[in-house]
Amino acid sequence: MTLAAQLRRELSRMEEACRQTQRQLDLIDRQITRRMTALIPGLLPRRCVYRRGRAPDPDAFLATYRAELAALTAERQPEIDALSRKLARQEQAIATFVECHGEAAAIDERR
């Protein structure tokens, strides 16, 4: 196996690991979204008719929604932070690899 093929294989492996980490972050985001979607009916006001001329407060729903979203996100924040740091390291490693070996792979391909 040539050096260029080995370098391409290594780069491909690194890129796949990076994509996998991004998929894990996306999965966490979808899980939080799904849980918030399930919570929305419980957050809505119980009655929609005005009582004694008072309109329901629309800001109360938004405040409750934001508080619940913050709580769910805070629950998963350590995992999100760890995956974000890992993704940043992987992207940096890929950039360094391409910078160091990009020309070597191109030269080896021409032979």
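The values are calculated or read from the model by the stated rules, or taken from the named source; none is laboratory data. For clarity, every value in this text was computed on a predicted model and none was experimentally measured. Counting neighbours? That spans all protein chains shown, and the Cβs are built from the backbone with ideal geometry, glycine included. Side chains are part of the model used for accessible areas, which takes the heavy atoms of the whole protein and leaves out ligands, DNA and RNA. Shrake-Rupley method; radii C 1.70, N 1.55, O 1.52, S 1.80 Å.
Below are the figures for this structure:
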| read-out | value |
| --- | --- |
| Matching residues in the range 8-18 - criterion: being at pLDDT 90 or above and surrounded by 12 or more Cβ atoms within 10 Å (Cβ to Cβ) | 10, 11, 14, 15, 17, 18 |
| Any pair with Cβ under 9 angstrom, 6 or more apart, that starts in the range 22-40 at a residue that is farther than 10 Å from residue 83 by Cα and ends at one that is of a type in the set (S, T, N, Q) | 32/73 |
| Flag for residue 37 being open to solvent by 70 Å² or more (accessible area, probe 1.4 Å) and at pLDDT 85 or above | yes |
| Residues of the range 53-94 satisfying the condition of being among the small types (Gly, Ala, Ser) and within 21 Å of residue 15 (Cα to Cα) | 82, 84, 88, 93 |
| Residues satisfying the stated conditions in the range 64-96, i.e. in contact with a Cys (Cβ under 8 Å, 6 or more places away or on another chain) and either open to solvent by 50 Å² or more (accessible area, probe 1.4 Å) or farther than 15 Å from residue 19 by Cβ (or both) | 91 |
| Test: residue in the range 44-51 that is outside any helix (DSSP H, G or I), open to solvent by less than 90 Å² (accessible area, probe 1.4 Å) and modelled with pLDDT under 85 | yes |
